[in-house]
Amino acid sequence: MNPNPEIKVKFVDLGAQYKILKDEIIKKFDEISSKGAYILTDELKKFEKNFADYCKVKYAIGVGNGTDALFLSLRALGIRQGDEVITAPNSFIATAGAIVAAGAKPVFVDVKDDYNINPDLIKQAITTKTKAIIPVHLTGRPADMDTILIIARKHGLYVIEDAAQAIGARYKGKRVGSLGSTGCFSLHPLKNLHVHGDGGIITTNNKELYEKLLKLRNHGLKNRDECDFWGYNSRLDSIQAAIGNIKLEYLDDWNKRHKEIAAMYRKNLSDVVTVPVDKEFEEPVYHNFMIQGDKRDELQKYLLERGIETKIHYPIPIHLQEAASSLGYKERDFLVCEAQAKRILSLPIYPELTDGQVNMVIKAIKSFYSNKNIKMSKK
Ligand SMILES: Cc1ncc(COP(=O)(O)O)c(C=O)c1O
């Protein structure tokens, strides 16, 4: 294998987006820097209002990152040591990490073919200690929220949406982040709407939670000199908020391009690999386009040799991570998630990707499977 193939299709190309927005961003950076207005300013308030309007919720609270959005939501809802929180084992490690950081225990439930938590299995994971469910809208596809909310209501549980990968996705016409007690978003550089570094935002319709979260992210301070309770320092900087304001204007167009690319992949690859197919209740944003195929590792290597970068989200499920060993899980506990982890591959998908590049990826995948004469097994 050529160890340094010329990359023709990058997995992400953050520089390409910056090039388009450079003038707007530099102008704003200069304006904020000249004023020296960096923290908890009107620029942040403006982003919070714009983001809340976009998600059709009453309130939004800018925080340091998506992990803090989850952690602070858990704290605001009073979840603490001794409590259990149900979530999916195939998410990014941060979902479970935030539960552990809040002092609680993550309890995993297997997923379905759309990579989202299987609501039919939630009931059997509920104990007297369960306080909340965190469905993850993985790859930008919404989880089955109605069913999850009915279970939560019946058992008196909070629902915190991990919408880190799904900014702009809709469930039955409603934006994700508007359905649970809170919606937690990441603005990390790899997300559909990203700032220039770490960033996160929480959405809610609950005024009491909103007011608590405003204080929690700022040391528990009521004002400059008075502190109501112990809190944290997790604020979204003004420069990042300003970049968020600029980019929010483009988000729907970008998400539209994600969907176009997803449609191209789906149309041309469904005969050789398993592709995601939208369910009737969802409008995904395809943060990731995940295929499943036989000989996945060979395929990834083959694509890289032809200058095409791909990634695996995620090769080791959370319950099998060393960090999770004290939780007592073992291999074969979550068969669907574990089987998917061996077969999934995320293809490049971002607004600046050209049709020519998408076709290059399609052609290479088709050629891999025809060369190898691999018979697809639909697992
Ligand atoms: C599903 C999910 N949850 C949580 C996070 C954590 O977000 P952040 O990296 O901004 O802390 C991420 C992203 O990294 C994610 O993909």
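Miscellaneous remarks
- The chain, dipole about Cα centre (Lys/Arg Cβ +1, Asp/Glu Cβ -1), debye to the nearest 20: 540
- For GluC sites (Glu not before Pro), the sites in the stretch 4-76 that DSSP calls loop and that have at most 10 other Cβ atoms within 10 Å are Glu6.
- Computed FRET value (nearest 0.05) for Cys227 with Lys35, which takes r as the C-beta separation and R₀ as 30 Å: 0.65
- Estimated purely from DSSP H runs of n ≥ 4, each contributing -39500 (n - 2.57), the mean residue ellipticity at 222 nm for the chain is -12500 deg cm²/dmol once divided by its residues.
- Ranked Arg217, Arg235, Arg170, Arg332, criterion: other C-beta atoms within 10 Å, fewest first: Arg332, Arg170, Arg235, Arg217
- Within a Gaussian network of the chain (alpha carbon springs, distance under 10 Å), most fluctuating of Asp113, Asp144, Asp237: Asp113
- With contacts taken as Cα pairs under 8 Å and at least 6 residues apart, the stretch 67-210 reaches a relative contact order of 20 percent.
- Neighbour cut-off at most 10 other Cβ (10 Å), DSSP loop, GluC sites (Glu not before Pro), the stretch 292-355: Glu331
- Förster radius 45 Å - calculated FRET efficiency between Arg80 and Ser370 (Cβ-Cβ, nearest 0.05): 0.20
- Loop-located GluC sites (Glu not before Pro) in the stretch 191-246 whose Cβ has at most 16 other Cβ within 10 Å (DSSP): Glu226
- Here the relative contact order of the chain, from alpha carbon pairs under 8 Å that lie six or more residues apart, stands at 22 percent.
- Relative to one another, the C-alpha centroids of the stretch 221-266 and the stretch 64-85 are positioned 19 Å apart.
The numbers here are math on the coordinates, done by the rules we state, and not lab data. Here the structure is a predicted model, which is why all the values come from computation and not from measurement. Using ideal geometry, Cβ is built from the backbone for each residue, glycine included, and neighbour counts are taken over all protein chains shown.
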